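Colleague: Mind looking over this structure? Questions follow.
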Number of protein chains: 4
Amino acid sequence: MIQKFIETRAFSKLLCEPLQTEDFVIQPVEFVSPTKWHLAHTSWFFEVFILTKHKKDYQLYNKDFPFLFNSYYETKGERVMRANRGNMSRPTVGDIFQYRTHVTKAMKELLETSKDKELLDLVHIGIHHEKQHQELLLMDIKYCFGHNPLFPVYNPDFDEKTNEDFEQKWFRVKEGLYKIGHDTNEFSYDNESGAHKVFLENFEISNRLVTNGEFLEFIENDGYKDPLLWHADAWDWIQNEKIEHPLYWQKTKEGWEEYHLTGLEYLDPSHVLSHISYYEAFAFAQWKGCRLPTESEWEIAQEQFSWGKRWEWTESAYLPYPNYQKASGALGEYNGKFMVNQKVLRGGSALTSNKHTRKTYRNFFHPHMRWQQSGLRLAK
Amino acid sequence: MIQKFIETRAFSKLLCEPLQTEDFVIQPVEFVSPTKWHLAHTSWFFEVFILTKHKKDYQLYNKDFPFLFNSYYETKGERVMRANRGNMSRPTVGDIFQYRTHVTKAMKELLETSKDKELLDLVHIGIHHEKQHQELLLMDIKYCFGHNPLFPVYNPDFDEKTNEDFEQKWFRVKEGLYKIGHDTNEFSYDNESGAHKVFLENFEISNRLVTNGEFLEFIENDGYKDPLLWHADAWDWIQNEKIEHPLYWQKTKEGWEEYHLTGLEYLDPSHVLSHISYYEAFAFAQWKGCRLPTESEWEIAQEQFSWGKRWEWTESAYLPYPNYQKASGALGEYNGKFMVNQKVLRGGSALTSNKHTRKTYRNFFHPHMRWQQSGLRLAK
Amino acid sequence: MIQKFIETRAFSKLLCEPLQTEDFVIQPVEFVSPTKWHLAHTSWFFEVFILTKHKKDYQLYNKDFPFLFNSYYETKGERVMRANRGNMSRPTVGDIFQYRTHVTKAMKELLETSKDKELLDLVHIGIHHEKQHQELLLMDIKYCFGHNPLFPVYNPDFDEKTNEDFEQKWFRVKEGLYKIGHDTNEFSYDNESGAHKVFLENFEISNRLVTNGEFLEFIENDGYKDPLLWHADAWDWIQNEKIEHPLYWQKTKEGWEEYHLTGLEYLDPSHVLSHISYYEAFAFAQWKGCRLPTESEWEIAQEQFSWGKRWEWTESAYLPYPNYQKASGALGEYNGKFMVNQKVLRGGSALTSNKHTRKTYRNFFHPHMRWQQSGLRLAK
Amino acid sequence: MIQKFIETRAFSKLLCEPLQTEDFVIQPVEFVSPTKWHLAHTSWFFEVFILTKHKKDYQLYNKDFPFLFNSYYETKGERVMRANRGNMSRPTVGDIFQYRTHVTKAMKELLETSKDKELLDLVHIGIHHEKQHQELLLMDIKYCFGHNPLFPVYNPDFDEKTNEDFEQKWFRVKEGLYKIGHDTNEFSYDNESGAHKVFLENFEISNRLVTNGEFLEFIENDGYKDPLLWHADAWDWIQNEKIEHPLYWQKTKEGWEEYHLTGLEYLDPSHVLSHISYYEAFAFAQWKGCRLPTESEWEIAQEQFSWGKRWEWTESAYLPYPNYQKASGALGEYNGKFMVNQKVLRGGSALTSNKHTRKTYRNFFHPHMRWQQSGLRLAK
Ligand SMILES: [Fe+3]
Ligand SMILES: [Fe+3]
Ligand SMILES: [Fe+3]
Ligand SMILES: [Fe+3]
């Protein structure tokens, strides 16, 4: 456990190595957080949920930090408005790395002495929370760099691109009662627990993800201009935001280009499609005469195909499983309070941290969001 | 069929009898439409989907009306922006009643001569469409009057209030495979067709709706102030909109009052709760240690209790049933394009038109909406 | 005085004769008020500033009306938010005409018995206030009809169009000390009193107003596309609002058209330009290598030319004259509180009520406003 | 001239010495620019207006920089939206200092070889432009730090505070013809040139600026709550923005505090008032039964008192002087295009760079702005 904790803490730092000090600070839109905020907030989580309760005589590193680095825990007191995270140049990046060191050290001391079950459960959550923020950190850096007119390279070795240009096949699943949800002893979040039966109709699911080339065809066939393909809310969104292509695509005189963490490159039609909203995934499926799988279908069928390259939008709304109970107290805010207006994504992506996904993992975003590395798989 | 058609048309007119000319015109918020718009739009529906196609030599009553009275059919051409419906004093109320007469007459002529199946199906939809707008018309009138500082009476005889002050009991349903969805020959919308099996866990559902008195307790126990009871999106909503009570309640020096179509009255704790959002329904259930039923649970259990007094929020997102296919062409926009970001309500309400609901009927609204007459029933 | 009062009251009613009931109700944008609001508000002014103070035992016609029909007098208590004036279908138009009759009658009784100087001064203000609202009423009706897709005719006999197609000449005024401001015994507003000396440089001013034809040339020479012609705030405004021509112009397949109170007509290049903002007036003058006159220049030069056909934008900001003192109490809110961010217009227009302008009259609007009948005269 | 140029460039750098890298990056609100943007933009000015035209074979340092660092010159091509200046972490602070070095070196070379009059005029403007941005840089840093919950110290030796606690006296100026505006050979901006005569009435002006203590009295006497003291636009502003005190004041349990570049301190009533809007200045003067001076009055009277401690709001709108002509081409955008909707301030402040003010200098801001170090002097 200590090992896992230390590795996770170290990996966050590793992700920051390609960055300049300036890159840690900015917040170009409200849903993106500054890198230094992620670094501080993941430390705050250990400090406020574990150290202040379980470590004798623990002193807060800085009495202002809980206010600065609380994310959304209403029950944990006042906090800086989300939109203001990028307005603070202080504490500096250096200050925050010191804060991390302080917290890591205190946690190590604590973990060396206590084997308390409740404590270890919280540490598990803290580690997974940090892994989650590692993915967010990469998403946010990509957003910052991908919207900078200079299109800086994050890391020339961080290759997110992936091919799925083998022939499309359809796996058939027969109708029947199936069981989904997490039921092993491994770590899982509360939202995926409560394994339960579901009845599924006959369905077919594709063996591969949709590619850039296929989506290009959709664009060239005026997919973004046919209202019959889109939800009403989606149509409003593409009109208001002038959406005409996936997030990191741009059309220049030389043709289509796509921004990656390795820099700006010509769009490769054989690569797997990335960074689309649920709305776009749905419209594409509609245009293909197919649909998106539900999360139950995906979970039942997932052994048939390889996954983990893109977060795959499903048709399922993010809802509590039967008999779901929110954890009591502040940690109850972790998952349950987002169970409305969001869609489930399954799988994982090239930005996802090691071991931070599994077949029962339920990721979720509002349907217009696309700064996560999302793609789609067709079903029918 | 002609009879049904004529009755429906006549009933729309009847609903307007208590109104002054001025009342037909206003649109205090975007989601409310002027009464005269409803009257014209329901006629436009018959004109554009039926008369122009099925009636020989039919001439549009007025070539500008399709532009003025299209609601959201992107495929039916340009239209007045929804928010501008209340900015048009012309055509006058008189003009619109003439338009109605013109359309009704032409439809009668058509129905007397043709028994074409496709035509009759469209007429059915047109009739049900108009019934739907009859409920919207009442919702909108109530909104207009309930937000006018003078709180005008719509109709002293239109009593929406209802008691459910009998003892609460819990009906138990055993886990198992059940079948839901519409499968008779009666009229239904496409969104409820496709009867299919669902697996339900054991659950219990209340024999009665929540009352004003119960909700008052929630308020007095600071239910609106405890973030742990609310979804994240809900908490933002109640902060931004300063929500502290159901839509038509107000607290004065003399105590709580509620606006009804019969006028402003003291709040009666024994009456059934009305005009709450899904967010409020969820928070109340959370506070009670219960939850909302899913739409499947509701449909399976509904024979056990009486319903139809309030639209009952369910925990279910409004999603397509398995094998759902949008109708082709413009009518495909009727239901399918709303199947994201909305919640299902079941039952019916005091504002619902005669025969415009059934046990499989799926009503839907965005979760913050509450100008429909919505209430809630607990499950666990 | 009684005569003047009665005539003014009657004229407001006369202006409403061409209207349908529906036309009295709507408020398509915040700065436009419903006709029925103008009718009620001008009565409220007499009621609250005169009758309640000077008429023995006067009873308010309706205790809610002061709340409903106060415009902006913060000191006169709470009021309906400006943007909500069009959301109220009640009181009806009939109710408001009764209110007017009640107030007119009470005022007549009062004026027949009292000759109190302070009272008569207030009545004067009340009469001029109503004349001001008569112009606003016409501006607002024009806005409602001119934005209705049906472009209804207000009154086929109400001709606002006017030619100034005689040859342009420049009147020269020599530099020197001049006196401006009101100094007779006639009625004037507080903002024009305080006659005072100003030093003017040599200047020239045009004998005529700019015509549609001249402005068309500006458009055709891409005047709306050259940032060097525009103020920074103006450039933002034309970008955000997509401004490309004067308010009531539209370009159709058949060419330019202009809406008048007599209906939609082809644009006549020889007619005087109307309904432009200060920003457009300034850009046009810039493009011509000229400028707008200051209000002092206009006042000194006005005997040289005929005026009163259009409100003429000046380069002057609306500021207090030397030694200006706000009236005490609520009437102090009449003019003084608007003396920032607005520009002075001089002259009068085809919508201005009889005797409601004079050479010292200072009209004022924010620089982007153009629903008043504004034009421009060049200076250099 | 070279000397002046080099000193100015060096001073910009000196101002940055107390800063951490992170401090150069952020833009908490649209009207504040990041420090690194100021550093780059002032170099861009020399590059684009001088080097590319006057230096043979000059190569742009980076072809993207004109796009990144243009401020508002529409005629100089596309530019980053103002609100996005803080969204760019690259180019880094280091890159920008290199850019500065490159430009400074090229300019020095140019100045050593050319004495062209047109060139020197442009250099003068460039130097003064940079001085202007030095003040903006300090205003912006103060805004960033003064809105950071940690209230960092910029520089413990940068003391902006100043006393004017001597007895108030009123200087009288007799009515008559006076001359204002710039007419020496020294550098001045185009907006202050065109010396011209103005007629002034008798007036009196205070020998000192208003103090914190006096303004505190205004607050304690509910000055922010009396609508009769405020302009209509001002009243909307204080309601919407919840304005209750000057910008850098805050009330804590321990009393009133004020943020300075030296850190957070208790409010000193004897210090000169800072960081108020025109609206607040006007309301205060109104409350005192006085008024603000016009810019002409200020300029005529200024020899009687010491000034330069605070920018002093005047009652004058920022308008062109008689016979004002915009410079041709892009530099014509420098001043003229702001001559609407703004108020003139005279004097200077503790943040103003050396020699960057004079008695004829016309500073200007929109009336609600208060991040400049503004105060007020009464007149009557
Ligand atoms: Fe977190
Ligand atoms: Fe409809
Ligand atoms: Fe008025
Ligand atoms: Fe600049």
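The values are calculated or read from the model by the stated rules, or taken from the named source; none is laboratory data. Worth saying up front: this structure is predicted, and the values here are computed from it rather than measured. Cβ sites come from the backbone with ideal geometry, for glycine too, and all protein chains shown count toward neighbours. The protein model used for the area step is the full one, side chains on, heavy atoms only, and it has no ligands, DNA or RNA in it. Shrake-Rupley method; radii C 1.70, N 1.55, O 1.52, S 1.80 Å.
Every residue, every condition in (1) over 21 Å from A:Gly126 (Cβ atoms); (2) within 16 Å of ligand 1 (Cβ to nearest atom), yes or no:
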residue	(1), (2)
A:Lys4	no, no
A:His41	no, yes
A:Phe46	no, yes
A:Phe69	no, yes
A:Gly77	no, yes
A:Gly86	yes, no
A:Ile96	no, yes
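Colleague: Which of the residues that make up the stretch D:76-86 are touching a residue at least 40 places away in the same chain (Cβ under 8 Å) and more than 14 Å from chain C (Cβ to nearest Cβ)? Lay out the reasoning, then the answer.
Modeller: Taking the stretch D:76-86 as the starting set, the residues that turn out to be touching a residue at least 40 places away in the same chain (Cβ under 8 Å) are D:76, D:82-83, D:85-86.
Across the stretch D:76-86, the qualifying residues are D:Arg85, D:Gly86.
Colleague: Let me ask something else about it. Run B:Thr357 past the list (1) within 12 Å of chain A (Cβ to nearest Cβ); (2) touching a strand residue (DSSP E or B) at 6+ places or on another chain (Cβ under 8 Å); (3) modelled with pLDDT under 95 and report the number of the one that doesn't hold.
Modeller: The number of the failed condition is (1).
Colleague: Something else: What pairs come up if the first residue lies in the stretch D:246-257 and is touching a residue at least 60 places away in the same chain (Cβ under 8 Å) and closer than 18 Å to D:Thr211 by Cβ, the second is open to solvent by 50 Å² or more (accessible area, probe 1.4 Å) and among the aliphatic types (A, V, I, L, M), and their beta carbons are under 8 Å apart, counting only those six or more places apart or on different chains?
Modeller: Correct list of pairs: empty, since none qualify.
Colleague: Kindly indicate whether any position in the stretch D:317-327 is in contact with a His (Cβ under 9 Å, 6 or more places away or on another chain) and at pLDDT 95 or above.
Modeller: Of all residues in the stretch D:317-327, those in contact with a His (Cβ under 9 Å, 6 or more places away or on another chain) come to D:321-323.
Applying the additional criterion that residues be at pLDDT 95 or above yields D:321-322.
Yes, because at least one residue in the stretch D:317-327 is in contact with a His (Cβ under 9 Å, 6 or more places away or on another chain) and at pLDDT 95 or above.
Colleague: Give me the pairs: first residue in the stretch A:218-240 and farther than 22 Å from B:Pro367 by Cβ, second residue β-branched (Val, Ile, Thr) and part of a loop (DSSP other than H, G, I, E, B), beta-carbon distance under 8 Å, and six or more apart or on different chains, which are they?
Modeller: Within 8 Å, the pairs are A:Tyr224/A:Ile243.
Colleague: Across the stretch B:1-31, which residue is farthest from the other protein chains (Cβ to nearest Cβ) among those that are within 30 Å of B:Pro367 (Cβ to Cβ) and of a type outside the set (Val, Ile, Thr)?
Modeller: B:Ser12
Colleague: To continue, here is another question. If you go through the stretch C:105-137, how many residues are of a type in the set (Val, Ile, Thr), open to solvent by less than 50 Å² (accessible area, probe 1.4 Å) and either at pLDDT below 95 or in the same structural domain as C:Asn363 (by TED's automatic domain parsing) (or both)?
Modeller: Step one: of the stretch C:105-137, the residues of a type in the set (Val, Ile, Thr) are C:113, C:123, C:125, C:127.
With the extra rule that they be open to solvent by less than 50 Å² (accessible area, probe 1.4 Å), the set shrinks to C:123, C:125, C:127.
If we keep only those that are either at pLDDT below 95 or in the same structural domain as C:Asn363 (by TED's automatic domain parsing) (or both) as well, we get C:125.
Qualifying residue count for the region: 1.
Colleague: Which condition does B:Asp140 not pass, out of (1) crowded, with 18+ Cβ neighbours inside 10 Å; (2) under 25 Å from B:Trp371 (Cα atoms); (3) touching a strand residue (DSSP E or B) at 6+ places or on another chain (Cβ under 7 Å), if it passes all the others?
Modeller: (3)
Each row is one residue, and each column tells you yes or no for (1) closer than 23 Å to B:Ile125 by Cβ; (2) under 23 Å from the mean Cα position of the chain (by Cα); (3) at pLDDT below 90.
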| residue | (1), (2), (3) |
| --- | --- |
| B:Thr35 | yes, yes, no |
| B:Phe49 | yes, yes, no |
| B:Lys53 | yes, no, no |
| B:Arg82 | yes, yes, yes |
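Colleague: Could you list all residues from the stretch A:270-313 that are part of a loop (DSSP other than H, G, I, E, B) and among the hydroxyl-bearing types (Ser, Thr, Tyr)?
Modeller: If we filter the stretch A:270-313 for residues that are part of a loop (DSSP other than H, G, I, E, B), which is where we start, we get A:270, A:273-277, A:288-290, A:292-294, A:305-310.
Selection gives A:Ser270, A:Ser274, A:Ser277, A:Thr294, A:Ser306.
Colleague: From the list B:Val344, B:Val340, which one is within 14 Å of chain A (Cβ to nearest Cβ) and free of Cβ contacts under 8 Å to residues at least 40 places away in the same chain? Steps first, answer last, please.
Modeller: On the way: B:Val344 fails: free of Cβ contacts under 8 Å to residues at least 40 places away in the same chain.
Answer to the check: B:Val340.
Colleague: Same structure again: Just for the stretch D:121-136: of the residues that are within 12 Å of ligand 4 (Cβ to nearest atom) and among the charged types (D, E, K, R), which one is farthest from the chain's Cα centre (by Cα)?
Modeller: First, pick out the residues of the stretch D:121-136 that are within 12 Å of ligand 4 (Cβ to nearest atom): D:125-126, D:128-136.
Retained after the next criterion (residues that are among the charged types (D, E, K, R)): D:130-131, D:135.
Values: D:Glu130: 12, D:Lys131: 10, D:Glu135: 6 Å.
Checking each candidate, the answer is D:Glu130.
Colleague: In addition: Here are the criteria: (1) more than 10 Å from every other protein chain (Cβ to nearest Cβ); (2) in a loop (DSSP other than H, G, I, E, B). Tell me which single one C:Ser328 does not satisfy.
Modeller: All conditions pass for C:Ser328, except number (1).
Colleague: Checking C:Ser274 against (1) within 14 Å of chain D (Cβ to nearest Cβ); (2) within 30 Å of C:His182 (Cβ to Cβ); (3) of a type outside the set (Val, Ile, Thr), which test does it fail?
Modeller: Condition (1) is where C:Ser274 drops out.
Colleague: Here is a follow-up. Only residues that are at pLDDT below 95 and within 30 Å of C:Lys174 (Cα to Cα): list them for the stretch D:158-190, please.
Modeller: Once the filter is applied, which keeps residues that are at pLDDT below 95 and within 30 Å of C:Lys174 (Cα to Cα), the stretch D:158-190 yields D:Asp183, D:Thr184, D:Asn185, D:Ser188, D:Tyr189, D:Asp190.
Colleague: Within the stretch B:363-380, how many residues turn out to be within 10 Å of the chain's Cα centre (by Cα) and open to solvent by less than 10 Å² (accessible area, probe 1.4 Å)?
Modeller: Total satisfying the criteria: 3.
Colleague: Can you name the condition, by its number, that A:Phe218 falls short on among (1) open to solvent by 20 Å² or more (accessible area, probe 1.4 Å); (2) under 28 Å from B:Lys76 (Cβ atoms); (3) at pLDDT 95 or above?
Modeller: A:Phe218 satisfies every listed condition except (1).
Colleague: A further question on this structure: Just to check your reading of the model, which residue among C:Tyr73, C:Tyr58 is touching a helix residue (DSSP H, G or I) at 6+ places or on another chain (Cβ under 6 Å), of a type in the set (Phe, Trp, Tyr) and away from chain D (no Cβ under 14 Å)? Steps first, please.
Modeller: Numbers: C:Tyr73 fails: away from chain D (no Cβ under 14 Å).
After ruling out the rest, the residue left standing is C:Tyr58.
Colleague: Does any residue of the stretch B:296-305 turn out to be open to solvent by less than 40 Å² (accessible area, probe 1.4 Å) and within 8 Å of chain A (Cβ to nearest Cβ)?
Modeller: No.
Colleague: I've got another one for you. Out of C:Leu150, C:Leu200, report the one residue that is more than 16 Å from ligand 1 (Cβ to nearest atom), under 30 Å from B:Pro66 (Cα atoms) and aliphatic (A, V, I, L, M).
Modeller: On the way: C:Leu200 fails: under 30 Å from B:Pro66 (Cα atoms).
Going through C:Leu150, C:Leu200 in turn, the sole match is C:Leu150.
Colleague: From (1) buried (at least 22 other Cβ atoms within 10 Å of the Cβ); (2) in contact with an Asp or Glu (Cβ under 9 Å, 6 or more places away or on another chain); (3) outside any strand (DSSP E or B), pick out the condition that doesn't hold for B:Pro320.
Modeller: Tallying (1) buried (at least 22 other Cβ atoms within 10 Å of the Cβ); (2) in contact with an Asp or Glu (Cβ under 9 Å, 6 or more places away or on another chain); (3) outside any strand (DSSP E or B), B:Pro320 fails exactly one: (1).
Colleague: Next question. Among the candidates D:Lys36, D:Lys53, single out the residue that is away from chain C (no Cβ under 14 Å) and either within 16 Å of ligand 4 (Cβ to nearest atom) or open to solvent by less than 50 Å² (accessible area, probe 1.4 Å) (or both).
Modeller: Working: D:Lys53 fails: either within 16 Å of ligand 4 (Cβ to nearest atom) or open to solvent by less than 50 Å² (accessible area, probe 1.4 Å) (or both).
Of D:Lys36, D:Lys53, the one residue that is away from chain C (no Cβ under 14 Å) and either within 16 Å of ligand 4 (Cβ to nearest atom) or open to solvent by less than 50 Å² (accessible area, probe 1.4 Å) (or both) is D:Lys36.
Here is a yes/no grid of residues against (1) open to solvent by 50 Å² or more (accessible area, probe 1.4 Å); (2) among the small types (Gly, Ala, Ser); (3) part of a helix (DSSP H, G or I):
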position	(1), (2), (3)
B:Phe5	no, no, yes
B:Arg9	no, no, yes
B:Asp23	no, no, yes
B:Ala40	no, yes, yes
B:Leu60	yes, no, no
B:Lys63	yes, no, no
B:Asn84	yes, no, yes
B:Gln98	yes, no, yes
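Colleague: Six or more apart or on different chains, Cβ under 8 Å: which pairs go from a residue in the stretch B:13-30 that's free of Cβ contacts under 8 Å to residues at least 12 places away in the same chain to one that's open to solvent by 20 Å² or more (accessible area, probe 1.4 Å) and in a loop (DSSP other than H, G, I, E, B)? Could you list them?
Modeller: B:Gln20/C:Arg90; B:Glu22/C:Arg90
Colleague: For the stretch D:332-354, which positions are open to solvent by 30 Å² or more (accessible area, probe 1.4 Å) and either out of contact with any His (no Cβ under 9 Å at 6 or more places or on another chain) or in a strand (DSSP E or B) (or both)?
Modeller: If the condition is that a residue be open to solvent by 30 Å² or more (accessible area, probe 1.4 Å) and either out of contact with any His (no Cβ under 9 Å at 6 or more places or on another chain) or in a strand (DSSP E or B) (or both), then D:Ala350, D:Asn354 are the ones that fit.
Colleague: Just name the residue that is nearest to the other protein chains (Cβ to nearest Cβ) out of those in the stretch C:87-96 that are open to solvent by less than 50 Å² (accessible area, probe 1.4 Å) and not in a loop (DSSP other than H, G, I, E, B).
Modeller: First pass over the stretch C:87-96, keeping only residues open to solvent by less than 50 Å² (accessible area, probe 1.4 Å): C:87-94, C:96.
If we keep only those that are not in a loop (DSSP other than H, G, I, E, B) as well, we get C:87, C:93-94, C:96.
Working: C:Asn87: 4, C:Val93: 6, C:Gly94: 8, C:Ile96: 10 Å.
My answer is C:Asn87.
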